[in-house]
Amino acid sequence: GPYFLGYEDGEQIVFQASEIPGEDLEGFPLVLRKDAAEAWNDLLELACRDGIDIRPSYAYRSNHTQKKLWVQSPKLAAKPGHSPHQTGTAIDINGTTAIVRGKRYKTEIYWWLKMKASRFGFYQTIDHEPWHWVYFPGENV
């Protein structure tokens, strides 16, 4: 696959990337680091067999996009150069929560990911962000 410019801990990196099914909130193709994309596609295959419809809203983010999000919501988005989205290993997933009578609940999609995603190296890394999952190959986080 093509090579992408990313950032890790504020340092520029280059990584080989692959597209995964879907598009981000701006309508661009979703991209992950090549090994993360392969693991993600395996996860999607199992989700499909289990009847779980997983649709990501973000994967890799350029410095430009990260900067834009950080300016809009500095409490929510990481500082540009410091987001795992810029390494091609993080993915945000739609539908992990739902609002019922004004209260936010975790959905079937979230609980499926919580049970199965670690088999594929994906972990929820921020407690208050049930949509944010990061690929850590060969680790138990």
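Please get the size of the charge dipole for the chain, origin at its Cα centre, with Cβ charges of +1 on Lys and Arg and -1 on Asp and Glu, quoted in debye to the nearest 20.
600
Among 43-50, 97-104, 76-83, how do they line up by average Cβ neighbours within 10 Å per residue, starting with the highest?
The densest-packed peptide leads the list: 76-83, 43-50, 97-104.
Whole number in Å², please: accessible area per residue of region 5-92, 1.4 Å probe, ligands, DNA and RNA not counted.
I get 53 Å² per residue for region 5-92.
Relative contact order for the chain using alpha-carbon pairs under 8 Å, separation at least 6, rounded to a whole percent?
Here the relative contact order equals 22 percent.
Once fully extended, how much extra length lies between Ile126 and Glu23, figured as 0.36 nm per residue of separation less the alpha-carbon to alpha-carbon distance?
34.8 nm
I want to check a number: in the chain, how many lysine pairs have alpha carbons closer than 19 Å, given a sequence separation of 8 or more or different chains?
For the chain, qualifying lysine pairs total 5.
Return the label of the correct value of mean projected area of the Cα convex hull in nm², as calculated from the structure shown, out of (i) 11.9; (ii) 15.9; (iii) 8.7.
(iii)
Just want the answer: with Cβ charges of +1 for Lys and Arg and -1 for Asp and Glu, which residue in Ala117, His128, Leu25 is farthest toward the dipole's positive end in the chain?
With unit charges placed on the Cβ atoms, the residue in question is His128.
Over all Cα pairs of region 52-111, how is the pair count split among 5 Å bins, expressed in % and running from 0 up to the last occupied bin?
Pair shares across the bins are 4, 18, 20, 19, 17, 15, 7, 1.
Please work out the FRET efficiency for the pair Ile13 and Tyr105, using the Cβ-Cβ distance as r and a Förster radius of 30 Å; give the result to the nearest 0.05.
On the way: r = 37 Å, r/R0 = 1.24.
FRET efficiency, Ile13 to Tyr105: 0.20.
Suppose only helical runs count, i.e. DSSP H with n ≥ 4. What mean residue ellipticity at 222 nm does that imply for the chain under -39500 (n - 2.57) per run, divided by all residues and rounded to the nearest 500 deg cm²/dmol?
My calculation for the chain gives -7500 deg cm²/dmol from helical runs alone.
For the chain, give the percent of accessible area contributed by carbon and sulfur heavy atoms, probe 1.4 Å, rounded to a whole number.
Its accessible area is 52 percent carbon and sulfur atoms.
The values are calculated or read from the model by the stated rules, or taken from the named source; none is laboratory data. Predicted model only: the values in this text are computed from it and were never measured. Here Cβ is always computed from backbone atoms with ideal geometry, including for glycine, and neighbour counts include all displayed protein chains. Heads up: the accessible areas ignore ligands, DNA and RNA and are worked out on the full protein's heavy atoms, side chains in. Shrake-Rupley method; radii C 1.70, N 1.55, O 1.52, S 1.80 Å.
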